[in-house]
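Following: one structure in structure tokens, then a few remarks.
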Amino acid sequence: MILFILKRIGYAAPVALGVSLVCFLLVHLAPGDPLSAILPVDATAEMQAQMRAAYGFDKPLPVQYGLWLWKILHGDLGTSIATGRPVLSEVGRAVGNSLILASVATLIGFTFGTFFGFVAGYARDSWLDRAASAIAVFGVSVPHYWLGIVLVIVFSATLGWLPPTGAGPQGSGNWVPDLEHLRYILLPAITMSVIPMGVISRTVRALVGDILHQDFVQALRAKGLSEFGVFRHVVKNAAPTAIAIMGLQLGYLLGGSILIETVFAWPGTGFLLNAAIFQRDLPLLQGTILVLAMFFVTLNLLVDVVQTALDPRIERA
């Protein structure tokens, strides 16, 4: 198992390097001058040259990439052009908030998706199967930003049950686990959970339907094992794939939550990316994208290891 983990880490290293290169190039190839957000309109050529030299934009792209990568390896993501604060502190706070939101949404989606998947898998071709499948299709089809707006209109503007935006009272930028802050995370978490719920539900339905038709299940029932005992074996066989899907969905939610966080003004990476794009804040944009990409690479590695540990049928060579 240790050799397997070391091999997977070896595979992940070049992927991480490639991701950093793509991240750097895509941001720099975008049109526009990143310093236009902080330079005055009447800035002299000398002032512009000084600012470009201060941020390293006067050097060739290969040199910029090498210096940027060297700083990253030493824990320095640069300084935000718009705020003047270290990118690492800005991104760290935002990643924490996004990770909390994505984790809650994944937990909700996994719980209900697994439930609907097992119901549909055990009740194939019945009205329960059709109802659960319809909910799953709705989850993967509905635009989540539109659903977020509808939930805000219903539960905030009309009923007044839940706050519409923010992570806490009085515009708090940090979410803490208490009852008051819990009200602020419900709407964005429910909105984000519909997609993983639909994906996991469809996956579990197919898994359960396939497992129930395998020979070992028929043998267990022929030996007189109770239905609950059979259910436990079905869960054990479906768990590795379901957990892998859940891990990937967590990564997707963390990196693709820009619309949801904008709708609910949630102070996470999506909200930060949106601000960095409009302000042409290259250091902040690069740092945020890189951290999200590295998190996804790490998450894939962990899912691969956990899935292999849970399922002895997977080749570890």
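If the condition is being open to solvent by less than 70 Å² (accessible area, probe 1.4 Å) and modelled with pLDDT of 85 or more, then the stretch 144-159 contributes LEU147, GLY148, VAL150, LEU151, VAL152, VAL154, PHE155, SER156. Taking the condition small (Gly, Ala, Ser), more than 30 Å from ILE81 (Cα to Cα), buried (at least 20 other Cβ atoms within 10 Å of the Cβ) and more than 21 Å from the chain's Cα centre (by Cα), does ALA238 pass? Yes. Regarding SER133, is this residue over 30 Å from PRO267 (Cα atoms), open to solvent by less than 40 Å² (accessible area, probe 1.4 Å) and part of a helix (DSSP H, G or I)? Spelling it out, SER133 is indeed over 30 Å from PRO267 (Cα atoms), open to solvent by less than 40 Å² (accessible area, probe 1.4 Å) and part of a helix (DSSP H, G or I). A residue that is in contact with a His (Cβ under 8 Å, 6 or more places away or on another chain), open to solvent by 10 Å² or more (accessible area, probe 1.4 Å) and more than 18 Å from SER103 (Cβ to Cβ) can be found somewhere in the stretch 246-263.
Being farther than 30 Å from LEU285 by Cβ, open to solvent by less than 50 Å² (accessible area, probe 1.4 Å) and assigned by the TED database to the domain that holds LEU273 is a property that holds for PHE118. LYS59 satisfies every condition listed in (1) modelled with pLDDT under 75; (2) open to solvent by 60 Å² or more (accessible area, probe 1.4 Å) except (1). Pairing residues of the stretch 199-213 that are assigned by the TED database to the domain that holds MET246 with residues that are at pLDDT 85 or above and among the polar types (S, T, N, Q), at Cβ distances under 6 Å and at least 6 apart in sequence or on separate chains, gives VAL204/THR114. For the stretch 179-198, a tally of residues being open to solvent by 40 Å² or more (accessible area, probe 1.4 Å) and closer than 21 Å to TRP146 by Cβ returns 3. Of the helices (runs of 4 or more DSSP H) lying entirely inside the stretch 144-246, those containing at least 3 residues that are under 30 Å from GLU90 (Cβ atoms) are 144-151, 179-212.
Out of all the residues in the stretch 80-92, is one or more assigned to a loop (DSSP other than H, G, I, E, B) and of a type in the set (Asp, Glu)? No, that holds for no residue.
If you take the residues of the stretch 280-310 that are out of contact with any Leu (no Cβ under 9 Å at 6 or more places or on another chain) and among the polar types (S, T, N, Q), which of them is least open to solvent (accessible area, probe 1.4 Å)? Taking the candidates together, the pick is THR308. Number of residues in the stretch 87-115 that are open to solvent by less than 40 Å² (accessible area, probe 1.4 Å) and either closer than 16 Å to SER201 by Cβ or among the small types (Gly, Ala, Ser) (or both): the value is 9.
The values are calculated or read from the model by the stated rules, or taken from the named source; none is laboratory data. Computed from a prediction, not measured in an experiment: that's the story for all the values here. We place every Cβ from the backbone using ideal geometry, glycine too, and count neighbours over all the protein chains shown. What goes into the accessible areas is simple: the full protein's heavy atoms, side chains included, and nothing from ligands, DNA or RNA. Shrake-Rupley method; radii C 1.70, N 1.55, O 1.52, S 1.80 Å.
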